[in-house]
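The values are calculated or read from the model by the stated rules, or taken from the named source; none is laboratory data. Quantities reported herein were computed from a predicted structural model and do not represent experimental measurements. For neighbour counting, all protein chains shown are included, and Cβ atoms are generated from backbone atoms with ideal geometry for every residue, glycine included. With ligands, DNA and RNA removed, areas are computed over all heavy atoms of the protein, side chains included. Shrake-Rupley method; radii C 1.70, N 1.55, O 1.52, S 1.80 Å.
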Amino acid sequence: MICPSSTPNPAELLPLTPAVFHVLLALADSELHGYAIMQEVTTTTRGALKLGPGTLYGTIKRLLAIGLIEESDQRPDPQLDDERRRYYRLTGLGQRTLAAEVARYEEVLTATRRKRLFANPAPLNTGGNC
Amino acid sequence: MHSPVDPFAVRLSTRVYRRLQLAYPTTHREIFGADMGQVFRDQCRDACRRQGGLGLALLWGATLADLLVSAIREHFVNLQTKIVMLQNLAKFFRMGAPAGRVFRATFLITFFLLLAAGTVVTLIMPKSFASTARILVVRQDDKPGEYNPYLIQEVMQRMRADEVLDQVATDLDLNRIFGARYGLGQSLTPTQSRFMLASRFEFRPVRGASLIEVRAYSEQPQEAAQLANTLVADFLRQVQQSRQAPAARPATASSAFNEAAFKLISNAEASSRPVRPNVPANVVVSLIIGAAVGWLLGLVGAGLVRWRMQRLHRPVTSH
């Protein structure tokens, strides 16, 4: 199997590609198998990002290699699901990297709103007019 | 893998997709191929359930595009990994001074020393020539192509018997010749000559035939051929004599041996090429040993230098 080669700093891994970001996001609150990840990504992006099996497992391979996700030892009840499926979960590094990317998105969003690019900007938490 | 309720289209699609996975690099396929196939099968089931054949056709369109792009990407990543490995290897050989210099110097010195030593030893080793005579062993009741392995073994044992070797030594005056060559001018005793002769002969059955090869070794090609031919001739003569005078037959001889007929198939001839030393093989072995030992010593030397430098440059902490 592919093993994490070293422990990188989450900041070094940013920005994440959309596929990587959404796979990490799908695994943020539960352990999922490949097809469930694919469905979760389609749902959260409202169909804007559809991962094929090749892209999905290419992404999973790289995330395993960097150490952002890991294979889960737990298997579901065979009666509920196919026990041959491999389940994945976020590692500590994966959680930190996802949080760092979300924070980066928030910064970008805040800066964009300050620029008054939108007709009806949502109220800013930090407040203050320029 | 397939559920018995899967429609034919789903089963066929899954099978075709598994074939198409050959587009991916082998390692990727080995690790994730089954999972990718399972995911695609789930997609097929969903597409069929929701939109029927149209859904499956749309899924195939998206999957083929995904397969093409992701297969190219995986091959590219594979190539990049190999390039990085080669770069790391190159970096290893360019290790910074002085550890790199120690590694290179140790490797080169060890390699060339061992190569030179191996070559010199090979060249000064005494040459050994081999010559082979063959005899056929048959019994009257043997069918064509049949042979008795026990009889062959017995014949080989009797060919290397003391009386045969002693006769060879007498015929070729080996007590005197070996004495002059190895015994500082004195003749060897029959026992000493027999001992030396025994180590110069090799008896081998020919696989699948009733033949025995008698191979003799010597520093001189003519002598090797003479030894093999004389041994065979003496053995055949002794067998002939025992047949003519039954009382002289060896008491331990089997009936198969007593009934067997022996025929000289080919005489040994002097060979111009020595069998030992094998110069190309010895040089190749020296090359491999030189490289392996040089590499190991180089690593040890470079490691020691690095360790020494780290100790020297360790910052002094104040208490």
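Is there a simple number for the mean count of other chain Cβ atoms within 10 Å of the Cβ of residues in A:62-68, and what is it? Show your work: numbers first, answer last.
Values: counts 1, 0, 2, 2, 0, 0, 0.
Mean number of neighbouring Cβ atoms from other chains: 1.
For residue B:263, the lysines whose Cα falls under 19 Å of its own Cα, not counting residues fewer than eight places away in the same chain, are B:143. Calculate the translational D of segment A:12-114 in whole µm² s⁻¹ from Stokes-Einstein, where the hydrodynamic radius comes from the Kirkwood formula applied to all Cα pairs, the temperature is 4 °C and the viscosity 1.567 mPa s. In µm²/s, the coefficient rounds to 90. A crude spin-label estimate for the pair residue B:105 and residue B:284, with each label 7 Å from Cα along the Cβ direction, gives 3.4 nm.
Counting only lysines at least 8 places from residue B:91 when in the same chain, those with an alpha carbon closer than 29 Å to its own are A:61, B:82. Look at the stretch B:275-283: the mean tally of other chain Cβ atoms within 10 Å of its residues' Cβ atoms is 0.
Let's test the formula: R0 of 25 Å, r as the Cβ-Cβ distance of residue B:128 and residue B:267. What FRET efficiency results, to the nearest 0.05?
Values: r = 20 Å, r/R0 = 0.80.
FRET efficiency, residue B:128 to residue B:267: 0.80.
The amide H of residue A:33, built 1.01 Å from its N in the peptide plane, has A:88 as neighbours under 5 Å, considering only residues 5 or more places off or on other chains. Summing charges over all other residues whose Cβ lies under 12 Å from the Cβ of residue B:301, with Lys and Arg as +1 and Asp and Glu as -1, gives +4. In this structure the amide hydrogen of residue B:139, modeled in the peptide plane, comes within under 5 Å of the amide hydrogens of B:261, none closer than 5 places in sequence on its chain. For segment B:11-103, applying the loop criterion from DSSP together with a ceiling of 14 other beta carbons within 10 Å to the trypsin sites (Lys or Arg not before Pro) yields B:94. Relative contact order (percent) for segment B:155-261, with alpha-carbon contacts under 8 angstrom and 6 or more residues of separation? So the answer I get is 23 percent. Taking B:152, B:31, B:212 as the candidate residues, the one with maximal mean-square fluctuation in a Gaussian network model of chain B, Cα springs under 10 Å, is B:31.
Ranked by accessible surface with a 1.4 Å probe, highest first, in what order do B:196, B:159 come?
Working: B:196 45, B:159 0 Å².
Ranked list, largest accessible area first: B:196, B:159.
For the residues B:206, B:283, B:102, a GNM of chain B with alpha-carbon springs under 10 Å puts the largest fluctuation on B:206.
Using DSSP to define loop residues, name the trypsin sites (Lys or Arg not before Pro) in segment B:127-166 whose beta-carbon has at most 14 other beta-carbon atoms within 10 Å. If you can, show how the numbers build up before the last one.
Working: sites: B:127, B:134, B:139, B:158, B:160; in loops: B:127, B:139, B:160.
Those satisfying the criteria are B:127.
Think of it as helices only: each DSSP H run of n ≥ 4 in the protein assembly as shown is worth -39500 (n - 2.57), and spread over all residues that comes to -20000 deg cm²/dmol at 222 nm.
Tell me which DSSP H helices of chain B clear both cut-offs, 30 Å or more of axial length from alpha-carbon atoms and a mean Kyte-Doolittle hydropathy of at least 0.5. If you can, show how the numbers build up before the last one.
On the way: long enough: B:26-93 (60 Å, 0.15); B:99-124 (37 Å, 1.78); B:221-244 (35 Å, -0.58); B:279-312 (48 Å, 1.28).
Result, helices passing both filters: B:99-124, B:279-312.
Shape call for segment B:1-68 from the C-alpha gyration tensor, a ≥ b ≥ c root eigenvalues: rounded (a/c under 1.5), prolate (a/b greater than b/c) or oblate? Judged from the Cα gyration tensor, segment B:1-68 comes out oblate (a/c at least 1.5, b/c at or above a/b).
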